[in-house]
Amino acid sequence: MIPADTIPPEAVAPSRAVDDLLSPPFSGRGGRGLARDVLLAAVWIALVTGWLEVSILGVRKLVLGEVISLSQHFVWMAPLAYVMLYVPPALALAALATRMRRLRLPHLVAVFAFLSAVGVGSMFPRLHRLAIVVLAAGVAVQAARLVASREVGFVRMLRRSVVPLAAVIPIGAWLVFGTLWAKERRAVAAVGSAAAGAPNVLLIILDTVRAASMGLYGYDRPTTPNLERLARRGVVFDRALSTSPWTLPSHGTMFTGRYPHELTANYRTPLDDRFPTLAEVLVERGYVTAGFVANPFYASYEHGLDRGFVHYEDYPVTLGQTLNSASLTALLFAGRAGFSYNLFRRALDNFEYFGRKNADDISGDFLSWLDAGREAPYFAFLNYMDAHVPYTPPAELASEFGVRPSPPLWHRITRNRSTLTEEERRAGAYDRNRYDASIAAIDRSLGALFDTLERRGALENTLVIITSDHGEHLGENGIYSHANSLYMPNLHVPLLLWMPGRVPEGGLRIAEMVTLRSLPATILELVGASDERRIPGASLAPLWRGGQPPADPLLASVRQGINMTEDLPVARGDLHSLTERELQFIRNPDSEELYDLSTVMRNERDLAGTTGAEHRQAELRAALEALVGPRSETAAGDTARRHP
């Protein structure tokens, strides 16, 4: 054998180069020193990643004008979420590194650099997932090499900068809370003088609740016992129609008295300030206005619905919302982009939106606001979202309505049923059970809310309106979910009003078909604040006074959908519907439909083109064109609004 000390150094250089690459130079620190360095590195990378995401989101929101669908608290929640995510594995890796001599700081930095790169990459949806992973791996390798070559300086930099980076989190929280507080103080100061005896207004919108699934409307399951009890105090409209099958344009109509085709409100475009809102008009009349919203996706501060509200609560300040605020934690735990759906959410058997407020939360927030004391009359808007997918009712109600203990199908059927297996089709009642139980959860919370208000004597001078922004398909016409058609499951919604002395008591039922476009005008008339010039529409009050029905056309519209499968009506283009004298006319981009609604509020038999229906079809076509324009012009205009 050749003695080792006689081998020339250049003969072993290649093997040393490989060893150096696998085990980068290390300062020699071990034990507690290494553990501390690993923890510092993880926190530092978390903070840098969080502030990088905040910067990107800030540019998107403030410079590009994009809707980022995040709480205003994202400026401090994002870095905090990364710290919360990285600290536990950092502690575990630090403990492991003290026992494995070849596991060194650069290796561990590479782990967190990879995770951060995946998180930041997921902010750009056009990047393919595989491309994100490959890019993240490259970032991790380069980060490890950089730290390995400058490890002592890197550790020194960590110790100097991690505290200032972390200190920005409480500073950011203080700035956001302070800004919102100051904004509300200024809004309160701008409230006008109220007329003597002006009544309160309580507008309750049950997001995604269709009339056909309510006991109040003859459904054979006990979904709404409390609403049935409350309805006996006022007037119930049996055939109220929404103006759009999804949240933002429908709320826009109820707030402005304008039809969806007149509004900017769309998937990527908020409601602009071209038309005044109901809240703005009431503020001028001396009302303190407040909104309590469970639907952050299309009813938040970003979507223009908060305009005119002195106080507006949408995104909660919770752990779940914090996890939603950073891309990686949202990716792993909140289900954003579907990246982790089959991993963590199925393992946890939790398909709820992180941070979503349930009915009891909304009721509680409203009551807490009232507890603060309101000398002026108030206009309160409450949005309940429990009946929106993913349909996660309380356990006791789930059991009562026969919900099976297995993951819901909603993520498979939100757009159509063509992707379902035969077994899933046969199990269609499963999601109907969840939906019904979710409506029952709202009903139970509303019963408790009104019992509390009754005990306080808070309903004696209050106008109460309960309705829904749109309905839901549960397999009718081969469709699931909403925002995808103008059929009755999407448009037929509940509507009940009561107000002592101004609305008849006793549960009067009105069979006349009405539109929610008439709602803001009705509210303003009943509180003595009519403003036809600013809030158009005809009041519904004549219907219980024996007068003529309102002249508002029963018009509904939805612009071409995004992320829709090709077999859905809205995937082909904009849809418009006009209902007159019990006939519903639907104009699709390439066809027309005609349905008789005189006996049932369902789209069962298409009469378009049949003998005897041609004349009425032509009349309705002409009437619709007079309202929204011919098909070609409307499509061009709507396309321009969708892509400004």
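How many of the residues in region 532-572 are open to solvent by 30 Å² or more (accessible area, probe 1.4 Å) and among the polar types (S, T, N, Q)?
The total comes to 4.
Which condition breaks for A538 when tested against (1) under 27 Å from A195 (Cα atoms); (2) in contact (Cβ under 8 Å) with a residue 24 or more places away in the chain; (3) aliphatic (A, V, I, L, M)?
If we test A538 against (1) under 27 Å from A195 (Cα atoms); (2) in contact (Cβ under 8 Å) with a residue 24 or more places away in the chain; (3) aliphatic (A, V, I, L, M), just (2) comes out false.
Of all residues in region 611-629, which are open to solvent by 40 Å² or more (accessible area, probe 1.4 Å) and either in a strand (DSSP E or B) or not basic (K, R) (or both)?
Once the filter is applied, which keeps residues that are open to solvent by 40 Å² or more (accessible area, probe 1.4 Å) and either in a strand (DSSP E or B) or not basic (K, R) (or both), region 611-629 yields T611, G612, E614, H615, A618, E619, A622, E625, A626, L627.
Restricting the first residue to region 476-487 and requiring it to be among the β-branched types (V, I, T), which pairs with a second residue that is open to solvent by less than 10 Å² (accessible area, probe 1.4 Å) meet a Cβ separation below 9 Å and a spacing of at least six or different chains?
Note: pairs meeting the criteria are I479/N416; I479/H473; I479/S485; I479/N490; I479/L568.
In this structure, is A458 at pLDDT 95 or above, closer than 29 Å to D365 by Cβ and open to solvent by 10 Å² or more (accessible area, probe 1.4 Å)?
Numbers: at pLDDT 95 or above: no; closer than 29 Å to D365 by Cβ: yes; open to solvent by 10 Å² or more (accessible area, probe 1.4 Å): yes.
Against the criterion (at pLDDT 95 or above, closer than 29 Å to D365 by Cβ and open to solvent by 10 Å² or more (accessible area, probe 1.4 Å)), A458 does not qualify.
Would you mention how many residues in region 146-156 are open to solvent by 60 Å² or more (accessible area, probe 1.4 Å), without any contact (Cβ under 8 Å) to a residue 12 or more places away in the chain and of a type outside the set (K, R)?
Step one: of region 146-156, the residues open to solvent by 60 Å² or more (accessible area, probe 1.4 Å) are 146, 149-150, 152, 156.
Now restrict to residues that are without any contact (Cβ under 8 Å) to a residue 12 or more places away in the chain: 146, 150, 156.
If we keep only those that are of a type outside the set (K, R) too, we end up with 146.
Qualifying residue count for the region: 1.
With respect to the numbered conditions (1) in contact with a Leu (Cβ under 7 Å, 6 or more places away or on another chain); (2) open to solvent by less than 20 Å² (accessible area, probe 1.4 Å), which one is the sole condition not fulfilled by A290?
Here A290 meets the rest and fails (1).
State all residues of region 328-343 that are among the hydrophobic types (A, V, I, L, M, F, W, C), modelled with pLDDT under 80 and part of a helix (DSSP H, G or I); if no residue qualifies, say none. Steps first, answer last, please.
Quick first cut of region 328-343, residues among the hydrophobic types (A, V, I, L, M, F, W, C) only: 328, 330-334, 337, 339, 343.
The next check asks that each one be modelled with pLDDT under 80; those that pass are 333-334, 337, 339, 343.
Across region 328-343, the qualifying residues are F333, A334, A337, L343.
Name the residues in region 344-384 that are open to solvent by less than 50 Å² (accessible area, probe 1.4 Å), modelled with pLDDT of 95 or more and closer than 20 Å to V209 by Cα, would you?
If the condition is that a residue be open to solvent by less than 50 Å² (accessible area, probe 1.4 Å), modelled with pLDDT of 95 or more and closer than 20 Å to V209 by Cα, then A359, I362, S363, A380, F381, L382, N383, Y384 are the ones that fit.
Are any residues in region 96-145 without any contact (Cβ under 8 Å) to a residue 24 or more places away in the chain and either open to solvent by less than 20 Å² (accessible area, probe 1.4 Å) or among the small types (G, A, S) (or both), and if so, which ones?
A117, G121, A131, I132, A136, A137, G138 - these are the residues of region 96-145 that are without any contact (Cβ under 8 Å) to a residue 24 or more places away in the chain and either open to solvent by less than 20 Å² (accessible area, probe 1.4 Å) or among the small types (G, A, S) (or both).
With N563, N477 as the choices, which residue is on the phi > 0 side of the Ramachandran plot and either of a type in the set (D, E) or outside any loop (DSSP other than H, G, I, E, B) (or both)? Talk me through it step by step, then tell me what you get.
Numbers: N563 fails: either of a type in the set (D, E) or outside any loop (DSSP other than H, G, I, E, B) (or both).
Answer to the check: N477.
Among (1) under 24 Å from R285 (Cβ atoms); (2) touching an Asp or Glu at 6+ places or on another chain (Cβ under 7 Å), there is one condition V527 misses while meeting the rest; what is its number?
Going through (1) under 24 Å from R285 (Cβ atoms); (2) touching an Asp or Glu at 6+ places or on another chain (Cβ under 7 Å) one by one, V527 breaks only (2).
Table: residues versus (1) closer than 28 Å to H492 by Cβ; (2) touching an Asp or Glu at 6+ places or on another chain (Cβ under 6 Å); (3) surrounded by fewer than 16 Cβ atoms within 10 Å (Cβ to Cβ); (4) touching a residue at least 24 places away in the same chain (Cβ under 8 Å).
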residue	(1), (2), (3), (4)
G192	no, yes, yes, yes
A195	no, no, yes, yes
L241	yes, no, no, yes
H261	yes, no, no, yes
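Determine if region 304-327 includes at least one residue that is at pLDDT below 85, among the basic types (K, R) and out of contact with any His (no Cβ under 8 Å at 6 or more places or on another chain).
no
Give L578, L495, L597 a once-over and let me know the one that is under 30 Å from A198 (Cβ atoms) and of a type in the set (A, V, I, L, M, F, W, C).
On the way: L578 fails: under 30 Å from A198 (Cβ atoms); L597 fails: under 30 Å from A198 (Cβ atoms).
After ruling out the rest, the residue left standing is L495.
The values are calculated or read from the model by the stated rules, or taken from the named source; none is laboratory data. Just so you know, these numbers come straight off a predicted model, no measurement behind them. FYI the Cβ positions are ideal-geometry reconstructions off the backbone, even for glycines, and counts take in every protein chain you see. Side chains included, ligands, DNA and RNA excluded: accessible areas come from the protein's heavy atoms. Shrake-Rupley method; radii C 1.70, N 1.55, O 1.52, S 1.80 Å.
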